Amino acid sequence: MLNRYILTLLIVCSLRHAKPLSGIQQFDPDCDYNITQMIQSKGYPCEEHKVITKDGYILGVFRIPHGRKSTTSGRPVLLQHGLLDSATTWVMNFPDQSLGYILADAGYDVWLGNMRGNYYSRAHTKYNPDHDEEFWDFSWDEMAGIDLPSMIYYILNVTKHTQIGYVGHSQGTMIAFAEFGNPNSVVQNNVSFWGALAPVAHVGHIESPIRYLSSATIMKDVELYWHLLFGRNEFLPSSYIIKWLGKFACDKFIIDRVVCDNIFFVLFGPEKKNLNETRMPVYVSHVPDGTSVKNMIHFAQGVQSNTFQAYDYGSPDKNRQHYNQTIPPAYSIRSMKVPTAIFSGGEDWLADPTDVNYILDNVQNIVYKKYIANYNHIDFVWALTANKLVYADLLSAMQKYHPPN
């Protein structure tokens, strides 16, 4: 349990800036490439698009219009990254291992989304993310209700199709459950199939060290403590906090130091038995890719309450100002009609099997499900075996409900 002495020590020690990773031998040029360079270096075409949301965020969306052996575009598929990640996650490995390339070679028009506040969506028509606190006033509520529909409608407008396929990982599934299950949203009518990798809705049983910043000790003041530790803008944990959280994650494993100096691996699990270790410098060069402190607080609230609901502003009066009710509205996934494929892991620190059962028990239109006992949270996007254990089945299910042509 996180006691107040440790919490006070963390507040004093926090530098508010992440310690740069040192000692990484960057032999692979992918370490320095941006997403466009990475895609083009593998022989694929790449387009960069800018999607402007109704509240002014400028989202960087990237497109692989066709595979290496084709010149025509098939039906569109949107891939959406997880928490603290970016679209790069879908193209980080080699062409036969990365879902972005696999779908393009299968005939799909592949679109790679980026949520507000990450490296490729750190822009706004009015606010400067380096100076304006208003820019960072968002959580996954806005990603679900604004960013996701904005990207889907933009893609449909460009491609002139009426429906897309959708694949989400982690947070990318959470926002889909929230938006596709919203009975007042029509966007699910424009999605003919979606695949949920490491699906997240309830997070009350997570094994991630984030639970130590969501404990009963600080239950009544979780927002206050998180703001004291991390500020109110971009989530930039200090090296002291990473080391403190890292001891809960990394002491269990014999693992290299550079992984346990990276907040992404600390929160989601440092176990890397399924990864290509020669690509580790590439992974740690591109993650974490940023989000808001408010978004992290929203996840912490979910750990406390084990409910799937909107951001809690901390008092009945504040909630009434935002929602016209004293408690945050709950998200329901039972009304979701989109054909859904679920892929989950037995060693997942964020999408714990107990929490995944809530999804399996409530989603009414599951057309395929697969449980991989030795997969952790990031294996679904980076594992050496993901192409055979996940993507082959995902592609087969997608082709039934959303064929490429």
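Quick look at the numbers
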quantity	calculated
Listed values (1) 19.9, 62; (2) 21.4, 61; (3) 21.5, 77, entry calculated as Rg and Dmax of the Cα atoms in Å	(1)
Environment charge of Val186, counting only residues whose C-beta is closer than 14 Å and scoring Lys/Arg +1, Asp/Glu -1	0
Taking the chain and dividing mean pair separation by its residue count, relative contact order in percent (alpha carbons under 8 Å, at least six apart)	21 percent
Nonlocal amide H pairs with Phe308, under 5 Å, H built at 1.01 Å	Tyr331
Helix-only CD estimate at 222 nm, as mean residue ellipticity for the chain, using -39500 (n - 2.57) per DSSP H run (n ≥ 4)	-9000 deg cm²/dmol
Most mobile listed residue (Asp32, Asp355, Asp105) in the chain, GNM with C-alpha springs under 10 Å	Asp32
Dipole-positive endmost among Tyr368, Tyr323, Ile297 within the chain (Cβ charges, Cα centre)	Tyr368
Unit charges on C-beta of K, R, D, E only; dipole of the chain, Debye	420 debye
Per residue accessible area of the chain, 1.4 Å probe, in Å²	39 Å²
Rounded percent of accessible protein surface that carbon and sulfur make up, region 46-401, 1.4 Å probe	49 percent
Antiparallel bridge percentage (DSSP; both residues within the chain; nearest 5)	30 percent
Two-site label geometry, Lys318 and Arg334: point separation in nm, points 7 Å out along Cα→Cβ	3.1 nm
Taking region 262-341 and dividing mean pair separation by its residue count, relative contact order in percent (alpha carbons under 8 Å, at least six apart)	19 percent
Length gained when the stretch Asn306-Glu134 is fully extended (0.36 nm per residue, less Cα-Cα span)	59.1 nm
20 Å Cα-Cα threshold exceeded, pairs from Lys126/Lys318; Lys243/Lys294; Lys42/Lys160; Lys42/Lys69; Lys272/Lys369; Lys337/Lys369	Lys126/Lys318; Lys243/Lys294; Lys42/Lys160; Lys272/Lys369
Charge dipole (the chain, unit charges on Cβ, about Cα centre) - positive-most of Tyr313, Gly172, Trp136	Gly172
Region 106-213: relative contact order as a whole-number percent, Cα under 8 Å and 6+ apart	21 percent
For region 181-189, Karplus couplings with θ = phi - 60° (6.51, -1.76, 1.60), whole Hz, Gly/Pro x	x, 6, x, 8, 9, 9, 5, 5, 5
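The values are calculated or read from the model by the stated rules, or taken from the named source; none is laboratory data. Source: prediction; values computed, not measured. Note: ideal-geometry Cβ built from the backbone for every residue, glycine included; neighbour counts use all protein chains shown. We work out accessible area using only protein heavy atoms, side chains counted, and drop any ligands, DNA or RNA first. Shrake-Rupley method; radii C 1.70, N 1.55, O 1.52, S 1.80 Å.
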